1. Using +1 at the C-beta of Lys and Arg and -1 at the C-beta of Asp and Glu, which of Asn93, Val34, Leu155 has the Cα lying farthest in the positive direction of the dipole of the chain?
2. If you plug each phi of the range 57-69 into the Karplus form 6.51 cos²θ - 1.76 cosθ + 1.60 with θ = phi - 60°, what whole-Hz ³J(HN,Hα) values come out, in order, with x for Gly and Pro?
3. Which whole-Hz ³J(HN,Hα) couplings does the range 187-196 yield from phi under the Karplus relation 6.51 cos²θ - 1.76 cosθ + 1.60, θ = phi - 60°, glycine and proline marked x?
4. Can you list the residues, at least 5 places off or on another chain, whose amide H is less than 5 Å from the amide H of Ala156, using H built in the peptide plane?
5. Using amide H atoms built in the peptide plane, which far-off residues or other-chain residues are under 5 Å from Gly219 H to H?
6. What's the ranking of 156-162, 89-95 by average number of surrounding C-beta atoms within 10 Å, highest first?
7. For Pro119, what charge total do you get from the other residues with a beta carbon under 11 Å from its beta carbon, if Lys and Arg give +1 and Asp and Glu give -1?
8. Please list 116-123, 29-36 highest first by mean number of surrounding beta-carbon atoms within 10 Å per residue.
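Throughout, read-outs are computed from the coordinates displayed, never taken from laboratory work. Computed from a predicted model, the values in this text were never measured in an experiment. Neighbour counts run over all protein chains shown; Cβ positions are idealised from the backbone, glycine included.
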Amino acid sequence: MIGVTENLALIKDLLAFLAVEAEREPGAVKLLAVSKKHPVSMVLAAAKAGQRDFGENFVQEGLAKIDQTRGENLIWHFIGHLQANKTRVVAENFDWVHTIDQLKTARRLSEQRPEALGPLNICLQINVDGEGSKSGISPDALPDLAASVAELPRLALRGLMCLPIARLDFEAQREPFARLRKMAESLRDHGLVTDTLSMGMSGDFRAAIYEGSTIVRIGTALFGPRQ
Ligand SMILES: *Cc1c(COP(=O)(O)O)cnc(C)c1O
């Protein structure tokens, strides 16, 4: 069986290759290692091989891994749905939240972010396919939410995130990512500085990189299937 160290090296090479293929800088795309439902031993193996950024979907599981890796200087990203009653521990322990879709949640995170930690990095999640069941705001609501979040003192608005419906074909995969990129460009035209597009997972990261992704969130291709 191929291990985490080998997978990590292959994926990092591939991200650099794809960035160049898409006429971007080889270091333009950051790998976020999604460790949800994998043991902390895998996080430590990836950290030993040089991986710094890790993503978790569930608060308690993420906190346990953060506690068990204190000495490693890792950067923790919360990428799951955030309930209002869980904001405090997230504000106190994570470095990024990718899934903000309500001003109320953002306000709480800003109020609860400890001064000593520096601002919490935020991406706004867009429901790019208009799915009724899914988290994320509609594109229409984005300009107002972005303007409000940008003013919260203990948050740093970094950009946008999406989780499109799975599409098999490369061109079809590009389409929602292209729309997210254009939404970020439009925010920039309105004077909001954003530098992050959090898009692309194991099955569609090539398409996301072609459309300007700066953070790909990869679980399965790095750590194998989840339990
Ligand atoms: C689980 C998850 C990922 C990783 O998905 P893989 O297909 O395993 O790479 C990325 N982003 C989010 C929001 C997730 O929930």
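1. Asn93
2. My calculation for the range 57-69 gives 9, 10, 4, 5, 5, x, 4, 4, 6, 4, 4, 7, 10 Hz in order.
3. Taking θ as phi minus 60°, the curve returns 4, 5, 4, 8, x, 8, 8, 10, 10, 10 Hz for the range 187-196.
4. Leu120, Asn121, Ile122
5. HN-HN under 5 Å from Gly219: Val34, Ser202.
6. Details: 156-162: 23.7, 89-95: 19.1.
Highest mean packing first, the order is 156-162, 89-95.
7. Details: positive: Arg113, Arg154, Arg158; negative: Asp95, Glu115.
Neighbourhood net charge equals +1.
8. Values: 116-123: 17.2, 29-36: 22.2.
Top to bottom by mean Cβ count within 10 Å: 29-36, 116-123.
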